[in-house]
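Input: a single structure, listed below in structure tokens.
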Amino acid sequence: MAMRSCRYKDEEYPISYEVRNPSSEPTILFLHGWGSNKELMRQAFGKLLPDFRHLYLDLPGFGKSPNERFLSTEDYAGIVREFLRELKIAPRIVAGHSFGGKVATLLDPDCLVLLSSAGILVPKPFSVRMKIALFKALKPLGFGKLRTLFASADVQGMNPGMYETFKATVNEEFEENFGKIHGKALLFWGEKDTATPLWTGERIAGLIPDAELYRVEGDHYFFLDPANAKSIAETIEKECGGEAGSAND
């Protein structure tokens, strides 16, 4: 593991990262989902794709990369671009899980790999809608500190900046961004995913001009199954291997 700071919008962002197979090309950048970190992605893919250089990083506010500022998804993409410039690495392939899939989409690489990506708004269950309504009703009465009782596991212990980031990013409409992808896109989706259901993957596949959707047995973290990870890696190697390309700025 290493640390390196990059400057974005006059602020410094320390980024924790790891490079594997440093002398290999092309490079594949792995971006984790909300509430996760680079270790999860390395656990799944670290022993696979031996002929590729792997770059794993903790997005700001996750893992060992600190952050207390509000950031939009565009900001996350901007920070990653600056970080890649600092390292002088231009990934040919960017693989993103869940929220990381949205960041990967904005990077618009030669080959985009989406693992149950977020980006399509999913109607909230009735129980969640009632919880939100109750919290909003109590807040004006001075019960705002009860947020911890209503918050999901995704936001427990989160600082105010990251909590505002979560609220903004989880509710943003992202369909237009998928339609702007210029390269090839490989979409892998858990058939039993309830966080980003399979129908959202089908919709994203329909929005990206050159996309292939692969349905995989499993839930939102289907890629942690070694057999699934191996199959994903083989598909990436077949469809996205070859001479190194350059990431789009």
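The values are calculated or read from the model by the stated rules, or taken from the named source; none is laboratory data. Computed from a prediction, not measured in an experiment: that's the story for all the values here. Positions of Cβ are backbone-derived with ideal geometry, glycine not excepted, and every protein chain shown enters the neighbour counts. Note: areas computed on protein heavy atoms with side chains; ligands, DNA, RNA excluded. Shrake-Rupley method; radii C 1.70, N 1.55, O 1.52, S 1.80 Å.
Just a yes or no: is a residue in the stretch 94-107 basic (K, R), out of contact with any Phe, Trp or Tyr (no Cβ under 9 Å at 6 or more places or on another chain) and at pLDDT 95 or above? No, the conditions are met nowhere in the stretch 94-107. Checking each residue in the stretch 18-69 for being in a loop (DSSP other than H, G, I, E, B), under 15 Å from the mean Cα position of the chain (by Cα) and closer than 17 Å to E86 by Cα picks out D58, L59, P60. Annotation note: Cβ proximity below 8 Å between a residue of the stretch 99-122 that is over 20 Å from F52 (Cα atoms) and a residue that is surrounded by 24 or more Cβ atoms within 10 Å (Cβ to Cβ) and among the basic types (K, R) (sequence gap 6+ or interchain) occurs for S117/K102; A118/K102; G119/K102. For beta carbons closer than 8 Å, sequence separation of 6+ or different chains, a first residue in the stretch 69-83 that is more than 17 Å from M162 (Cβ to Cβ) and a second that is of a type in the set (D, E, K, R) and not in a loop (DSSP other than H, G, I, E, B), the qualifying pairs are E82/R7; F83/R4.
Can we say M162 is in a helix (DSSP H, G or I), open to solvent by less than 60 Å² (accessible area, probe 1.4 Å) and modelled with pLDDT under 90? Answer is yes for this residue.
Of all residues in the stretch 20-42, those that are closer than 16 Å to V113 by Cβ, touching a Gly at 6+ places or on another chain (Cβ under 7 Å) and basic (K, R) total 1.
Checked against the criteria, L84 does not count as in a helix (DSSP H, G or I), surrounded by fewer than 24 Cβ atoms within 10 Å (Cβ to Cβ), modelled with pLDDT of 95 or more and in contact with a helix residue (DSSP H, G or I) (Cβ under 8 Å, 6 or more places away or on another chain). Selection of first residues in the stretch 48-59 that are farther than 12 Å from V94 by Cα and of second residues that are assigned to a loop (DSSP other than H, G, I, E, B) and of a type in the set (D, E, K, R), restricted to Cβ pairs under 6 Å at least 6 apart or on distinct chains, gives the following pairs, ordered by first then second residue: D58/K64. Considering the stretch 204-228, the residues that are in a helix (DSSP H, G or I), of a type outside the set (A, V, I, L, M) and within 13 Å of S116 (Cβ to Cβ) include one that is most open to solvent (accessible area, probe 1.4 Å), namely N228.
Might you check whether a residue that is modelled with pLDDT of 95 or more and closer than 23 Å to G218 by Cβ occurs anywhere in the stretch 170-183? Scanning the stretch 170-183 turns up at least one residue that is modelled with pLDDT of 95 or more and closer than 23 Å to G218 by Cβ.
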